[in-house]
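The values are calculated or read from the model by the stated rules, or taken from the named source; none is laboratory data. Quick caveat, the model's predicted, so the values are computed rather than measured. In this analysis, Cβ positions are derived from the backbone assuming ideal geometry, glycine residues included, and neighbour counts consider all displayed protein chains. Just so you know, the surface numbers come from the protein's heavy atoms only, side chains and all, with ligands and any DNA or RNA stripped out. Shrake-Rupley method; radii C 1.70, N 1.55, O 1.52, S 1.80 Å.
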Amino acid sequence: MIIKDVTVVTADEQNPVVKDAAITIKGNIIEGITQGGNIPSDEHVIEGNGRIAMPGMLNCHTHVGMTLFRGYADDMPLMEWLRDKIWPLEDKLTYDIVYCASLLGILEMIKAGVTSFADMYFFMDATAKAAAESGVRASLARGLQGPDEHSDERLEENVRLYNEWNGAGDGRISVMFGPHAVYTCSREYLEKVANVAYKLHAGVHMHLSETRQEVEGCIREHGISPIRLAYEAGLMQNRMIAAHCVYPQEDDIEIMKDNDVRVAYNPVSNMKLGSGFCPASMYIKEGIKLGFGTDGAASNNNLSVMKDMQFAALTEKGRLEDPSVMSAHTALYTATAGGAAALGMNDVGALRPGMKADIVLLDIDGPHARPMYDPVSHIVYSAKDSDVDTVIIDGKVVMEHKDIKTIDAEKLYYEVERLVKEIEDR
């Protein structure tokens, strides 16, 4: 496969932009990026027509099973939102509902140029099935809470998910363990999860230090911060992706650096829930791996990494009163190569020979694309989800000229409406 006549935004710091280029793909690997030259007639050629080719974006923290809750409970603080609205509704969910919601979320992400996502929820075998069928990359974790009468059962589900799905989908699917948060898991249960994950050499995906209330409650109960509690419970023995990390305490940064904890920064969800502002620039300065996450559609209303990338860049400038922080290049790197590093996916996130072919083509034929002095700046500050024209994942075209190839969208929309009514009637 060859993509010709494109401007390649590589997310590679050594050679960030290559104009008038052709990308050669062999199997699922990028074989070369060259300027000009003759195109062999026997190749499958995708006409770039002056479009921008960029790496697929990574959503480092979401809950696609919650997609059917979009707009259900807006304008509420986190704990009230969870306790009074979300948790009671989740009791009504089934495998079929989560499968349908997962497909809807994956469809939305593909159409927004997201090629990989990290998810924590339940009925995760349904999400795994949706990911396998749709062609997307996914890092999946069963959400865990306890102790209660079902806590051991949940942990067994996560083990089963790991045994059945880790490495599935031609290697596109990986499995982690998902202790929900310090306020839904006892210290003893966190230690139990850590031991099981360690024995399987599996990573951990967890909400940490999302709100002041969480941090203050943890200090009051345990005498230490949520990040230190996670460390002392053993959850950082393997790779950890920590969602939010809005309120790190005095020695938390050193703990995170020493244990290579990666942060999933969720700017839109944090702002919508009134949770505060993650110190993203500090994490980057300290060398902590950082990627963007949308959180679920119930607390963001979109699963657009492009939107979160734009909000993050602008928020940091306003928060710190410094227009030079979270530059366009830094924001794009965080959405692509930075997110891949955060999720431990070292063969995606950048366009260069030897990397997996996860590629997004942006249509730049619109008034908001003119003039274009810097393609990177355009992607971060001007581009829209609707600019996404073609998406290639693992060397396979999953969307071409906005036509999704792996999901029957019309059938899915019908199922969504039917299932939402079913939830309302329960």
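The table for this structure:
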item	result
Some residue of region 328-338 being of a type in the set (F, W, Y) and at pLDDT 95 or above	yes
The one condition in (1) farther than 17 Å from D358 by Cα; (2) charged (D, E, K, R); (3) within 19 Å of the chain's Cα centre (by Cα) that K111 fails to fulfil	(1)
Subset tally (residues that are assigned to a helix (DSSP H, G or I) and within 26 Å of the chain's Cα centre (by Cα)) for region 192-220	11
When residues of region 401-413 are limited to those that are closer than 17 Å to A130 by Cα and open to solvent by 40 Å² or more (accessible area, probe 1.4 Å), the one nearest to the chain's Cα centre (by Cα)	T406
Tally, over region 327-363, of residues that are in contact with a strand residue (DSSP E or B) (Cβ under 6 Å, 6 or more places away or on another chain) and either open to solvent by less than 40 Å² (accessible area, probe 1.4 Å) or closer than 23 Å to V388 by Cβ (or both)	21
Unique match (being among the acidic types (D, E) and open to solvent by less than 10 Å² (accessible area, probe 1.4 Å)) among E210, E221, E188, E232	E210
Selection count, region 381-399, where residues are in contact (Cβ under 8 Å) with a residue 40 or more places away in the chain and within 12 Å of I364 (Cα to Cα)	5
Given (1) in a loop (DSSP other than H, G, I, E, B); (2) hydrophobic (A, V, I, L, M, F, W, C); (3) open to solvent by 30 Å² or more (accessible area, probe 1.4 Å), number of the condition V182 does not satisfy	(3)
Of the criteria (1) surrounded by 13 or more Cβ atoms within 10 Å (Cβ to Cβ); (2) over 21 Å from the mean Cα position of the chain (by Cα); (3) modelled with pLDDT of 90 or more, which one A73 fails	(3)
Residue list for region 156-165, filter: open to solvent by 10 Å² or more (accessible area, probe 1.4 Å) and over 19 Å from L103 (Cα atoms)	E156, E157, V159, R160, Y162, N163, E164
Residue among D170, D119, D152 that is acidic (D, E) and open to solvent by less than 10 Å² (accessible area, probe 1.4 Å)	D119
Residue that is farthest from L208 (Cα to Cα), among those in region 140-168 that are touching a residue at least 40 places away in the same chain (Cβ under 8 Å) and part of a loop (DSSP other than H, G, I, E, B)	A168
